[in-house]
There are 2 protein chains.
Amino acid sequence: MADDERVELVDLVETNDLTGIRLWLAEHPPYEIADELARMDSHLAIIPFRLLDKDRELEVFEELDPGQQQAILMGLRDSAFRELLEQMDPDDRARLIGEAPAKIATRALAGLSPAERKMTAALLGYPEESVGRYMTPETVILHRDLQVGRALEVIRAKGAEAETVYTLPVVDDGRRLAGTVQLSDLVVNGPDTVLKDVVDVFAPRVRATEPAEGAARLMQEANLVALPVVDSEDRFVGLLTFDDALELIEAADSEDIARQSGASPVTGHYAAVGVLRLARARSVWLLLLIVTSTLTVNVMQGFEGVLEEVTALALFVPMLTGTGGNVGSQSATAIVRALAVGEVRIRDLPRVAWKESRVGLLLGLMLASIALLIGSFLVGGRIAVAVALSVTAVCTWAAIIGSSMPLLARRAGVDPAVVSAPLVSTLVDATGLLIYFTIARAVLGI
Amino acid sequence: MADDERVELVDLVETNDLTGIRLWLAEHPPYEIADELARMDSHLAIIPFRLLDKDRELEVFEELDPGQQQAILMGLRDSAFRELLEQMDPDDRARLIGEAPAKIATRALAGLSPAERKMTAALLGYPEESVGRYMTPETVILHRDLQVGRALEVIRAKGAEAETVYTLPVVDDGRRLAGTVQLSDLVVNGPDTVLKDVVDVFAPRVRATEPAEGAARLMQEANLVALPVVDSEDRFVGLLTFDDALELIEAADSEDIARQSGASPVTGHYAAVGVLRLARARSVWLLLLIVTSTLTVNVMQGFEGVLEEVTALALFVPMLTGTGGNVGSQSATAIVRALAVGEVRIRDLPRVAWKESRVGLLLGLMLASIALLIGSFLVGGRIAVAVALSVTAVCTWAAIIGSSMPLLARRAGVDPAVVSAPLVSTLVDATGLLIYFTIARAVLGI
């Protein structure tokens, strides 16, 4: 059995080895099965999915992205379709239905039991990417006058899922959130203790309409396993659990990383995303940037006379624009990340720009000395001096641009991550060339 | 009180307003206090820190980075120093001591009680960045023959911290891990149930010597609130808890993001890191890249004759290298992220390169049409054709390079994130120019 790991599910599916598939499924946990399904075409993925036991089917299904879930649902008979949806967590189901084409969404809502349909509809009422879309509304709710012994009985009777009972909401009359208790508090305290004496009234809470990513980062900062969600009148409406918070943070980081490279975020497993969708996600910024880079052509044209006179100046153009782009991208990346994790705020702009300008100047001086060496060796004297001076100026300038733009974007209400490395490079290219030719003209006296 | 949020702690500290500081501290949760302290110079941060209540002092201290903790410790009297260290979680303390200069480390270990010193020393025995350094060894351990009622009594007697009792390790004779139970399982099942009947024997586990980041990603994939850690003989040695997993994932993402911009990761709060340290972290790759970019100067020199004949060719150099760099960075970023979250593996290299080459070709064709327009308008006919053909070729080539390099790095045992946007851009610059001038010579017949 030692080479079990090397049997790939997709090979078994392609050879239609049903016994092999069953064996493979029995030996792997749900999240690994989901991972393998995500790598396959959906018409193949449906085969092992249908062979799963009833209980594991749901676990695997909930690990898939909404897009993959849709594809699997399309391949199921009506009864299996209904059963699967009915068992899903309300928050996952709401996200699936919210993102599905109208045809699937209608089929899905129609198949639900009235109680589940109502809950899903309520979740769908919250704005996209808000806490309301990700919270779990089905939780145990405890009244503050309850005794610990009775509270444990309530939990026992509900038989709730583990991740929603680690942290329990405590409410007062009118379902207003008083605070939370930990399950461990209930276990540790005597059965006669009244909840209002152990409830943590300072426990953070969020509104259902707030952005989900911010709530997830709050959970991370404050080390919370679950965060109570309230409506505008402070009434408890659900819990955001750590597993959803982890997913939100990973998705937000993936999005930021994609945006940093000038691509729109693509949801879904890399292996499952087609060439056209990848190209589309990356094309918007590339188009904008190539049009912007016409500026560099204009600048070069403006100095065509200088270039004709001293062709050697052209030799250093890629090195100079490249270096400026690199320094600017580093600054931009550092500030975008610092903004994302809350280490820098809009009002820090002057401090940040001042700090980065000194970093850029230091780096510029260091790189200029290398450029001077390379230049002296390859073309000699004066041109090398012009290149070295330009490198210093361009690096300082690039660091200022790269660090200010994310902060200005945030101030303008735009996601700072759109200030991508390619955007900074392109902007620094044009201005850098202007600096270079101006300095070169002065140094060479032309 | 509406503008409370706008009173900054640092202003209160700078004006030495002790009452104001006490008020501010009372009104903010520990993680926000830690965040403010992290923004200050350490000689200032010690002032509000000393004004904290004894219990909150520890909470705030544990939220700080090891570097900030060291600075705070240095400012404390010996008794306060000892007390603080003694109360810290063993895993946090081990990390602090492991990273501290010898002087602090010795002072710290000497001050601990024998029991705490032994535990810290054990944690320090694990390799850096391994699970052993991050796990909590102080947990409740349950024997599989125990009854649920008795297990709850054990937990009650231990009065353990909340995050270590959500998931409880169950062991057999010889302390070998049998599996885990959830605290909620104990609450839901009758007091006479024996643990071996409810223990989840399939619950994932990790070795203490494995990399901590991988364990954290496993917790994320499998939605675990705690992961049991075992030694080489499968004996239980500790728990990795979700709050440490979240921190590990955020740190890993921050590192990847920094590396993607060609900078070494800098630990610590952005505001607390000095200009010199920032410059040093970014300088290594910049130096390497500017030396590498000498290649572009060489290529340009090789075609100096062509350039002298048709100076207009130089005009498009920044646009071409910029576009190639952008496409290559996008591919590299996408693949580095897919590797980090486990969506792509080394053996997928041919599939990935083939997919990305098609993405690159599509993007290239699209961008070439824009370049053709811009070129025809600015310099006309033949040169525009040469530019457009080059854009297509360079984009395809950049996508192949950008997507293969992270996979090749991983295969060579190097962190794929070193394949940064600047590295890809610089490599694509030189080869792209070669492609451009070769095509131009063919099209223009020179």
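Rg and Dmax of the range A:183-301, Cα atoms, in Å?
Reported Rg and Dmax, both Å: 23.0, 85.
Would you work out if the range A:284-420 is rounded, prolate or oblate? Take a ≥ b ≥ c from the square roots of the eigenvalues of the alpha-carbon gyration tensor; rounded if a/c is under 1.5, else prolate when a/b is larger than b/c, oblate otherwise.
Oblate, because a/c is 1.5 or more while a/b does not exceed b/c.
Just give the residues from the range B:362-405 buried by at least 20 square angstrom of accessible area in the all-chains context relative to the isolated chain, probe 1.4 Å, and say none if nothing qualifies.
B:Leu362, B:Leu363, B:Met366, B:Leu367, B:Ile370, B:Ile374, B:Leu378
Calculated FRET efficiency, A:Leu444 and B:Glu8, Cβ-Cβ r, R0 41 Å, to nearest 0.05?
Here the calculated transfer efficiency is 0.20.
Using a label point 7 angstrom from Cα along Cα-to-C-beta, what distances in nm, from shortest up, separate B:Val275 from the other copies?
Its label point is 5.1 nm from the equivalent points in the other copies.
Which semi-axis lengths, in whole Å and largest first, follow from the square roots of five times the eigenvalues of the Cα gyration tensor of the range A:8-118?
25, 13, 12
Quick one: length gained pulling B:Glu247 to B:Asp192 fully straight, 0.36 nm per residue minus the C-alpha distance?
16.0 nm
Using a 7 Å offset from the Cα along the Cα-to-Cβ direction at both A:Phe377 and A:Glu59, what is the distance between the two label points in nm, to one decimal?
That separation, rounded to one decimal, is 6.1 nm.
Under Stokes-Einstein, with the Kirkwood radius over Cα pairs standing in for Rh, what whole-number D in µm²/s applies to the protein assembly as shown at 37 °C and 0.692 mPa s?
Answer, rounded: 110 µm²/s.
If you take each beta carbon of peptide B:411-424 and count the beta carbons of other chains within 10 angstrom, what is the mean?
What the average comes to for B:411-424 is 2.
Restrict the search to the range A:309-404; then list the trypsin sites (Lys or Arg not before Pro) that DSSP places in a loop and that have at most 15 other Cβ atoms within 10 Å of their Cβ.
A:Arg345
Can you tell me the mean projection area, over all orientations, of the convex hull of the range A:320-378's alpha carbons? Units nm², please.
4.4
May I ask you to list the GluC sites (Glu not before Pro) in the range B:197-298 that are in a DSSP loop and have at most 12 other Cβ atoms within 10 Å of their Cβ?
B:Glu233
To the nearest hundred square angstrom, how large is the accessible surface buried between B and A, total for both chains, probe 1.4 angstrom?
9800
Whole Å is fine, so just give me how far the alpha carbon centre of the range B:29-67 lies from that of the range B:182-208.
Using only Cα atoms to place each centre, the spacing works out to 38 Å.
Which distance in nm do the two modelled labels at A:Met74 and A:Ala412 give, with both placed 7 Å along the Cα-to-Cβ direction?
3.8
Which pairs break 29 Å Cα to Cα here: B:Lys54/B:Lys103; A:Lys158/B:Lys158; A:Lys54/B:Lys355; A:Lys196/B:Lys54?
Long pairs (Cα-Cα over 29 Å): A:Lys54/B:Lys355.
As an exercise, use a Förster radius of 56 Å and the Cβ-Cβ distance of B:Arg207 and A:Leu276 to find the FRET efficiency, rounded to the nearest 0.05.
Rounded to the nearest 0.05, the efficiency is 0.85.
Taking all pairs of distinct Cα atoms, average 1/r, flip it, and tell me the Kirkwood hydrodynamic radius of chain A in Å to one decimal place.
Hydrodynamic radius (Kirkwood, Cα pairs) of chain A is 26.2 Å.
How about the range B:25-99: which trypsin sites (Lys or Arg not before Pro) there are in a DSSP loop, with at most 15 other Cβ atoms within 10 Å of their Cβ?
Within the range B:25-99, the qualifying trypsin sites (Lys or Arg not before Pro) (loop, at most 15 other Cβ atoms within 10 Å) are B:Arg77.
Quantify how strongly other chains surround peptide B:280-291 by giving the mean number of their Cβ atoms within 10 Å of each of its Cβ atoms.
Mean shielding by partner chains, rounded to a whole number: 5.
Quick one: Debye curve from the alpha-carbon atoms of the range A:248-347 only, equal weights, vacuum; give me log10 I(q)/I(0) at q = 0.15, 0.25 Å⁻¹ to two decimals.
Log10 of I(q)/I(0), two decimals: -0.85, -1.30.
What number does the range A:352-446 give for Rg over Rh if you use C-alpha atoms and the Kirkwood radius?
1.07
Once the dipole of chain B is set up with Lys and Arg at +1 and Asp and Glu at -1 on Cβ about the Cα centre, which of B:Ile346, B:Val7, B:Phe316 lies farthest towards its positive end?
Going by the charge dipole, the pick is B:Phe316.
So what J values fall out for the range A:41-46 if you push phi through Karplus, 6.51 cos²θ - 1.76 cosθ + 1.60 with θ = phi - 60°, rounded to Hz, Gly and Pro as x?
Using θ = phi - 60°, the values come out as 5, 5, 5, 7, 4, 5 Hz.
In the range B:118-257, what is the volume of the convex hull around the alpha carbon atoms, normalised per residue and reported in Å³?
Roughly 106 Å³ of hull volume per residue.
Mind listing the label-point distances from B:Arg347 to the same position on all other copies, shortest first, one decimal in nm, points 7 Å along Cα→Cβ?
Label point to label point, same position, other copies: 5.6 nm.
Would you mind computing Rg(Cα) / (2.2 N^0.38 Å) for the range B:278-333, counting N as its residues?
1.44
The range A:34-80: Rg/Rh from Cα coordinates, Kirkwood Rh?
0.90
If you build the convex hull over the alpha carbons only and average its shadow over all orientations, what do you get for the range B:390-446? Give it in nm² to one decimal.
Over all viewing directions, the range B:390-446 projects a mean Cα-hull area of 4.0 nm².
What does the charge dipole of chain A about its Cα centre add up to, to the nearest 20 debye, if the Cβ of each Lys and Arg holds +1 and the Cβ of each Asp and Glu holds -1?
For chain A, the charge dipole is close to 2040 debye.
If we hang a label 7 Å off Cα along the beta carbon direction at A:Met74, how far is it from the matching labels on the other copies, in nm, shortest first?
Counterpart label points of A:Met74 in the remaining copies fall at 6.2 nm.
Rounding to the nearest 10 and keeping the result within 0 to 90°, find how far the Cα-based axis of helix A:30-39 lies from the longest principal axis of chain A.
50
The values are calculated or read from the model by the stated rules, or taken from the named source; none is laboratory data. Bear in mind the structure is a predicted one, so any value in this text is a computation, not a measurement. Methodologically, a virtual Cβ is constructed for each residue, glycine included, from the backbone with ideal geometry; neighbour enumeration extends over all protein chains shown. With ligands, DNA and RNA removed, areas are computed over all heavy atoms of the protein, side chains included. Shrake-Rupley method; radii C 1.70, N 1.55, O 1.52, S 1.80 Å.
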